[in-house]
Amino acid sequence: MGEMAEKISKINKDELLNLLQSAFAEEWLAYYQYWIGAKVAEGVERPKVVEEFYEHAIEELKHADWLADRIIQLGGVPILNPLDWEKFAKCKYDAPTNADTKVLVEQNLIAERCAIGRYQQICEFCQHKDYETFRISRKILKEELEHEQEMEDFKNDFKHY
C-alpha cells in the first residue's frame, strides 16, 4: 500500500485482505461453475442459457482480476494455488452433476445470492474507510445483482415450458 494510501486508510488491512481473498477464490469458482455449466448444459432454452453463462463467466474472471490487483495494492498476494480456493471460499462451487438448464440456473442463482452477500459485506466494511476497495466492490456488487436478475428471469421463463 502506498504511503498516502496508508495515511488515509482507516481500515483493518488484515481483515480486509481476508475478505478480498475469500471473494477472489469465490470469483474463480464462479467462473468455472458458469464456464463448465455452459459446456454441459442440456434442455430448455439451452442456446440462451449457454450464451448467458459464457457472458457471466467472463465477468467473474474480470472480477477476480480486479480483486487480485487490489489485493496486491494493499500489500497482499492473491491466492496462488487453485487448490486453496475451496478453503477460502464461503460461496461454494456446485458441480453440475445434472446438466439440465433448470438445475444449472438454480445452482447459479444460489451462487449469485451468496456473492451478493459477500460484496455487500465488503462494501459495508469499507464504506467511509477505504474508498477504492469500496468502489471496486460496489461495481462488482452491481454486476452480481444483474446476474441474479438474469438467473431469476430464466427461472420465470422456464415456468412456461
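All of the numbers you see were taken from the coordinates with simple rules; none came from a lab. The shown structure was predicted, so the numbers you read here are calculated from the model rather than taken from an experiment. Every residue, glycine as well, gets a Cβ built from its backbone with ideal geometry; the counts of neighbours run over all protein chains shown.
Restricting attention to the stretch 96-122, and to residues there that are in a loop (DSSP other than H, G, I, E, B) and free of Cβ contacts under 8 Å to residues at least 12 places away in the same chain, which single residue is surrounded by the fewest Cβ atoms within 10 Å (Cβ to Cβ)? Even if it seems obvious, please write down each step before you answer.
Our first condition is that a residue be in a loop (DSSP other than H, G, I, E, B); within the stretch 96-122, this holds for 96-99.
Filter once more, keeping what is free of Cβ contacts under 8 Å to residues at least 12 places away in the same chain: 97-98.
On the way: T97: 8, N98: 14.
Filtering first and then ranking leaves T97.
Does the stretch 69-86 hold any residues that are more than 14 Å from S137 (Cβ to Cβ) and crowded, with 19+ Cβ neighbours inside 10 Å, and which are they? Walk me through how you get there before you give the answer.
Here is the first cut: in the stretch 69-86, the ones more than 14 Å from S137 (Cβ to Cβ) are 72, 75-86.
Of everything in the stretch 69-86, those that are more than 14 Å from S137 (Cβ to Cβ) and crowded, with 19+ Cβ neighbours inside 10 Å turn out to be G76, I79, W85.
Given the structure, is K62 within 16 Å of A25 (Cβ to Cβ) and of a type in the set (K, R)?
On the way: within 16 Å of A25 (Cβ to Cβ): yes; of a type in the set (K, R): yes.
Considered against the rule, which asks whether it is within 16 Å of A25 (Cβ to Cβ) and of a type in the set (K, R), K62 comes out as yes.
May I ask you to list the residues in the stretch 123-161 that are among the aromatic types (F, W, Y) and not in a helix (DSSP H, G or I)?
Here is the first cut: in the stretch 123-161, the ones among the aromatic types (F, W, Y) are 125, 131, 134, 154, 158, 161.
Correct list: Y161 only.
Scan the stretch 74-86 and give yes if some residue there is within 13 Å of the chain's Cα centre (by Cα) and assigned to a helix (DSSP H, G or I), otherwise no.
yes
Condition first: in contact (Cβ under 8 Å) with a residue 24 or more places away in the chain, aromatic (F, W, Y) and surrounded by 14 or more Cβ atoms within 10 Å (Cβ to Cβ). Now tell me which residues in the stretch 123-161 satisfy that.
Within the stretch 123-161, F125, F154, F158 qualify.
Filter the stretch 40-57 down to residues that are surrounded by fewer than 19 Cβ atoms within 10 Å (Cβ to Cβ) and in contact (Cβ under 8 Å) with a residue 24 or more places away in the chain, then give me how many there are.
Total meeting the criteria: 7.
If I filter the stretch 8-39 down to residues being surrounded by 16 or more Cβ atoms within 10 Å (Cβ to Cβ) and of a type in the set (S, T, N, Q), which single residue comes out as farthest from F134 (Cα to Cα)?
Q33
Quick one: which of K90, K62 is in contact with an Asp or Glu (Cβ under 9 Å, 6 or more places away or on another chain), part of a loop (DSSP other than H, G, I, E, B), of a type in the set (K, R) and surrounded by fewer than 17 Cβ atoms within 10 Å (Cβ to Cβ)? Don't jump to the end; show me each part of the working.
On the way: K62 fails: part of a loop (DSSP other than H, G, I, E, B).
Step by step, each of K90, K62 is checked, and only K90 is in contact with an Asp or Glu (Cβ under 9 Å, 6 or more places away or on another chain), part of a loop (DSSP other than H, G, I, E, B), of a type in the set (K, R) and surrounded by fewer than 17 Cβ atoms within 10 Å (Cβ to Cβ).
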